[in-house]
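These notes are about the structure you will find just below.
The values are calculated or read from the model by the stated rules, or taken from the named source; none is laboratory data. Only a predicted model underlies this, so the values are computations on that prediction, with no experimental measurement involved. A quick note on method: Cβ atoms are made from the backbone with ideal geometry, for glycine too, and the neighbour counts reach across all protein chains shown. Note: areas computed on protein heavy atoms with side chains; ligands, DNA, RNA excluded. Shrake-Rupley method; radii C 1.70, N 1.55, O 1.52, S 1.80 Å.
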Amino acid sequence: MNKHLSTKEVAQFLGVNEKMVYTLVSDKGLPATKITGKWIFPQHLVEQWVEANTINYPEPGTKLPPYHGLLIIAGSNDPLLDRAITLFNNQYNDHAAVFGNMGSLGGLRALRQNLCHMASSHLLSEDEEEYNFEFAHKELDQMPAVVNFCKRMQGILVQKGNPKKIKKVADLAKPGIKIANRPLSTGTRLLFDQELRKAGLIGENIAGYHNEFSRHIDSGIEVLSGRADAAPAIQPIASLLGLDFIPLRWERFDLMIPKERFFDKGVQLFIGLFNEEPFQKLIQKNSGYDLSLSGKVIYPEKQKETDDEKTG
């Protein structure tokens, strides 16, 4: 069973006074719940919160070697990305692409440590106006190039026919409802927690909140099997598994690429796939994807547009 800390214990753990703990809860999202009038803090979530808010990492001792045919992608998982990697490997016999499922934040940290050529990410900023830039600035010394892979519809998976009559996020707090969740390092979890806060809910109070699954499909299988009534995930999973879906918002799913690796042959070949017919056909049977931005350079082009507006 996960250990819970008192306010005094979490203050000692973080090296701050108890008054500051309350400030961190209200202003910085320190994971906490109130039971019988007292705050308690799940230690494993506090540790994850500290990791998620770390901004300074030691410089890696080694550099990613020059590109020799192995393309390494790390970060947030996506079924279309899996298919694109398979397409790349089938189309270019002299190259091999591999993927590390680490969540969006994990992908950015792998990028910082020179462990991959690109990171897949869909991290929504706190003001809900932009994706990935805010987190890239925090995690990386230099802003990478940002290329859109696709746009996806995020929402809540529910069982076919929606037997629990779940219509909005607030309904997840109803008695008898159990969810499957995504890890804290994922963009889906970040969005889900934001939606819970907007609905005035505390995740700790929802059955299944701590049942975390590393892939969208795994969360979907929990709902399909009846072990969970709902799960945050993308709409293509609902299409794939025959589940019902409650939409929340379209999101931008990007590839973050260090500028010094942008013109590596494997990177350019992979990006080049996005506007080709075989890639476009990959989504024919899946609703919830939008490829209108696929392959577009979001940054630095977006920054250039902002600068032009300032000087225009």
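Relative to its Kirkwood radius, the Cα radius of gyration of the chain gives an Rg/Rh of 0.98. For the stretch 163-202, applying the loop criterion from DSSP together with a ceiling of 14 other beta carbons within 10 Å to the trypsin sites (Lys or Arg not before Pro) yields K165, K167, K168. Relative to one another, the C-alpha centroids of the stretch 125-139 and the stretch 176-225 are positioned 21 Å apart. Rounded to the nearest 10 degrees, the inclination of helix 18-28 to the longest alpha-carbon principal axis of the chain is 50 degrees.
Gyration tensor analysis over the Cα atoms of the stretch 103-162 returns equivalent ellipsoid semi-axes of 26, 14, 10 Å (largest first, whole Å). For the chain, with all protein chains in place and a probe radius of 1.4 Å, 52% of the accessible heavy-atom surface sits on carbon or sulfur. Computed from the C-beta positions of T86 and F13, the FRET efficiency with R₀ = 30 Å rounds to 0.10. The mean sequence separation of alpha-carbon pairs under 8 Å and at least six residues apart, normalised by the residue count of the chain, gives a relative contact order of 20 percent. Phi angles of the stretch 179-189 translate, via the Karplus equation with coefficients 6.51, -1.76, 1.60 and θ = phi - 60°, into HN-Hα couplings of 10, 10, 10, 10, x, 4, 7, 9, x, 5, 5 Hz per residue; Gly and Pro are given as x. As a ratio to 2.2 N^0.38 Å, the alpha-carbon radius of gyration for the stretch 179-312 is 1.30.
What do you get for trypsin sites (Lys or Arg not before Pro) in the stretch 61-134 restricted to DSSP loop and a cutoff of at most 13 other Cβ within 10 Å of the site's Cβ? Those satisfying the criteria are K63.
Amide H contacts of C150: F253, each under 5 Å away and 5 or more positions distant or on a separate chain (H built 1.01 Å from N in the peptide plane; Pro and chain starts excluded). Using just the C-alpha positions of the stretch 1-154 as equal point scatterers, what log10 of I(q)/I(0) does the Debye formula give at each q in 0.12, 0.14 1/Å? For the stretch 1-154 at q = 0.12, 0.14 Å⁻¹, log10 I(q)/I(0) is -0.67, -0.84. Three principal axis extents describe the C-alpha atoms of the stretch 134-232; from largest down they are 48, 26, 21 Å. Remark on L71: its backbone amide H falls under 5 Å from those of A96, A97, V98, a criterion applied only to residues 5 or more positions apart or on other chains, H modelled at 1.01 Å from N. The modelled label-to-label distance for the pair K138/K281, using points 7 Å beyond Cα in the direction of Cβ, is 4.2 nm. Checked against a 22 Å cut-off, the cross-linked pairs K178/K198; K167/K198; K151/K265; K8/K28 give Cα-Cα distances beyond that limit for K151/K265. The calculated FRET efficiency for the pair E301 and A199, based on their C-beta separation and a Förster distance of 35 Å, comes to about 0.50. The relative contact order of the stretch 1-154 comes to 17 percent, based on Cα pairs under 8 Å that sit 6 or more residues apart.
On the basis of the beta-carbon distance and an R0 of 30 Å, E260 and A96 show a calculated FRET efficiency of 0.90. Run down the aspartates and glutamates and flag those whose C-alpha is under 14 Å from the C-alpha of K164, throwing out any fewer than 8 positions away in its chain. Qualifying aspartates and glutamates at Cα under 14 Å: D229, D244. Here the stretch 160-312 is assigned +1 on the Cβ of each Lys and Arg and -1 on the Cβ of each Asp and Glu. Its dipole about the Cα centre then comes out at about 560 debye. Across the stretch 65-77, computed HN-Hα scalar couplings (Karplus, 6.51 cos²θ - 1.76 cosθ + 1.60, θ = phi - 60°) run x, x, 5, 10, x, 9, 9, 10, 10, 9, x, 7, 8 Hz from first to last residue, x flagging Gly and Pro.
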